[in-house]
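Peer 1: After the structure tokens below, expect a handful of questions from me.
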Amino acid sequence: MSSLDDYSTKLLLDIKDNNLVFSGFYLAKDHVTKVLIAELILPITSCPNCHDPLVHNGHCLSHIHYLAFDASKPIQIELHKQRLYCRTCHRSFMATSPLINKHCFIANPVKQKVINDLTVDRSMKDIACSDNVSSNTVLRTLIKFKKQPQVDDYDYLPEHIGVDEFRGVNRQLHFICVDGDSHQIIKILPTRLKKDIMAFFEKFPLIVRSKVKTVTMDLNAYYQDIAHALFPNAQVIIDRFHIVQMLNRSFNQLRVQTMKRFDHRDRRYILLKYYWKSYLTPYNKLEVKRVKYYKHLRDCMTQEQIVEEGLDASPKLRAAYDLMQTLRQSLTEHDSKQMAKLLKSRADVGGQMKTTLKTFKRNRKAVLNAATSKYSNGCVEGTNRRIKQIERTAYGYRNFSNLTARIMLESKNAVLKENTLSKIA
Ligand SMILES: [Zn+2]
């Protein structure tokens, strides 16, 4: 055993407990683990009950797992906790420290480090390895975070919210609701059933719910009914991305149908097949000047020429293209008047595009809102992408509440201040 300077040891280990005194260290039997010897003093001399003097009653020894700079060289503290005894009321008292909880052998700083590590995208096994604890300890810390009493605040809802769903535990769809401005998660529900969503939001008084101004969502008529029922003053906004996606999809379907009418070696077939991306590019962004060699056509053309020549193959395709492009343009230019006019279009644009138009007409107000409002479902889709990554890193979750706890930890929702950390540890 070698001697140890108390002051510098505490400085290095970042321990501020004055009742703890380091005296020496030795190497454990494995020749790697450093064991630091420390005494924990009980700073009282008289009994708190009867105020009689206490007598010394030995030490309680425990080996505490502590933070190490390098996980392959663990540090242990051999802690001698002082015990005092009162002869009058036959009680004994043992020294305690904020460093370690009762009946625990893992120091609180280690648990705090685990919680901190849980806030980044790392697997639990990885965290367990680098912090030198078992993966069960990591899971236990997560469960402790999950179980800490959460104050559900039912007298505030943000003015702009976005709703969506994502696939999680057991390939089930979970409902998610996100603040449109701060992008914080408001709630994740295990199912997306109407009764569950209604039950959650009905906990908020009507006066709070009527302050919600917009609800963004994808083209899901199901959520629209719920939104109208729950938020009386809210405008429903269909996400811009989903509108464009539907338009593109219906145009592509018609393009493939038209393409298949021609022979494989036909120039129109090649134009419609290989250069499909050019049709989806906004018309004003097409290359009009620079000529490029296209190897499938064995010809030099500009991008605009490709599109124009391809559309010549069928008037129906051209009509669908014009409708798609102008609708998309009015969406980017926030021109809801032009959009309303386009929705009434009676041009022959093919079956799929007609169905899309019908869907838009059915949700006319919500679709037109997409053009005027600056809010979209981007924040929810972004959150969903992050959730997907969390699930992927963990190779999936089996427990819904563990998944939500990890999502909350990794999103900036959980403001992890020092005191919250210590409460968990
Ligand atoms: Zn006493």
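The values are calculated or read from the model by the stated rules, or taken from the named source; none is laboratory data. This is a predicted model, so every value here is computed, not measured. Heads up, the Cβs are rebuilt from the backbone with ideal geometry, glycines too, and the neighbour counts pull from every protein chain shown. Surface accessibility is based on the protein's heavy atoms, side chains included, excluding ligands, DNA and RNA. Shrake-Rupley method; radii C 1.70, N 1.55, O 1.52, S 1.80 Å.
Peer 1: Quick check on the range 2-26: of everything there that is charged (D, E, K, R) and more than 40 Å from the chain's Cα centre (by Cα), which residue is farthest from residue 99 (Cα to Cα)?
Peer 2: 5
Peer 1: Based on what the data block shows, is residue 110 more than 16 Å from the ligand (Cβ to nearest atom) and out of contact with any strand residue (DSSP E or B) (no Cβ under 8 Å at 6 or more places or on another chain)?
Peer 2: So residue 110 does not fit the description; no.
Peer 1: Does residue 196 satisfy the criteria of being farther than 20 Å from residue 375 by Cβ and either at pLDDT below 90 or in a loop (DSSP other than H, G, I, E, B) (or both)?
Peer 2: Taking the combined requirement at face value, the residue does not satisfy it.
Peer 1: Does the range 369-381 contain at least one residue that is part of a helix (DSSP H, G or I) and over 24 Å from residue 233 (Cβ atoms)?
Peer 2: There is at least one residue in the range 369-381 that is part of a helix (DSSP H, G or I) and over 24 Å from residue 233 (Cβ atoms).
Peer 1: For the range 73-87, what are the residues that are within 16 Å of the ligand (Cβ to nearest atom) and either crowded, with 18+ Cβ neighbours inside 10 Å or of a type in the set (Val, Ile, Thr) (or both)?
Peer 2: 84, 86
Peer 1: Tally up the residues in the range 220-233 that are open to solvent by 50 Å² or more (accessible area, probe 1.4 Å) and assigned to a loop (DSSP other than H, G, I, E, B), please.
Peer 2: Qualifying residue count, the range 220-233: 2.
Peer 1: Which one of these does residue 236 not meet: (1) in contact with a helix residue (DSSP H, G or I) (Cβ under 7 Å, 6 or more places away or on another chain); (2) part of a helix (DSSP H, G or I)?
Peer 2: (2)
Peer 1: To continue, here is another question. Which one of the conditions (1) at pLDDT 90 or above; (2) more than 16 Å from the ligand (Cβ to nearest atom); (3) not hydrophobic (A, V, I, L, M, F, W, C) does residue 70 fail to meet, given that it meets all the rest?
Peer 2: Failed condition: (1).
Peer 1: Kindly provide the set of residues from the range 114-138 that are open to solvent by 50 Å² or more (accessible area, probe 1.4 Å), outside any loop (DSSP other than H, G, I, E, B) and either in contact with a Gly (Cβ under 7 Å, 6 or more places away or on another chain) or modelled with pLDDT of 90 or more (or both), ordered by number.
Peer 2: Scanning the range 114-138 gives 125, 126, 129, 135, 136.
Peer 1: Can you tell me which residues in the range 49-67 are open to solvent by 80 Å² or more (accessible area, probe 1.4 Å) and either within 16 Å of the ligand (Cβ to nearest atom) or over 52 Å from the mean Cα position of the chain (by Cα) (or both)?
Peer 2: If the condition is that a residue be open to solvent by 80 Å² or more (accessible area, probe 1.4 Å) and either within 16 Å of the ligand (Cβ to nearest atom) or over 52 Å from the mean Cα position of the chain (by Cα) (or both), then 49, 51, 53, 56 are the ones that fit.
Peer 1: Being open to solvent by less than 60 Å² (accessible area, probe 1.4 Å), within 16 Å of the ligand (Cβ to nearest atom) and in a loop (DSSP other than H, G, I, E, B) is the filter here; which residues of the range 88-106 pass it?
Peer 2: Hit for the range 88-106 is 89, nothing else.
Peer 1: Determine whether residue 42 is among the aliphatic types (A, V, I, L, M) and buried (at least 16 other Cβ atoms within 10 Å of the Cβ).
Peer 2: When the stated conditions are applied, residue 42 passes them.
Peer 1: Further, regarding this structure: Hey, can you tell me all the residues within the range 366-412 that are open to solvent by less than 10 Å² (accessible area, probe 1.4 Å) and farther than 28 Å from residue 333 by Cα?
Peer 2: 387, 390, 403, 405, 406, 407, 409, 411, listed by residue number.
Peer 1: Okay, moving on. Sort through 36, 20 and tell me the only one that's more than 16 Å from the ligand (Cβ to nearest atom), in contact with a strand residue (DSSP E or B) (Cβ under 7 Å, 6 or more places away or on another chain), closer than 23 Å to residue 128 by Cα and open to solvent by less than 60 Å² (accessible area, probe 1.4 Å).
Peer 2: Residue meeting the stated conditions: 36.
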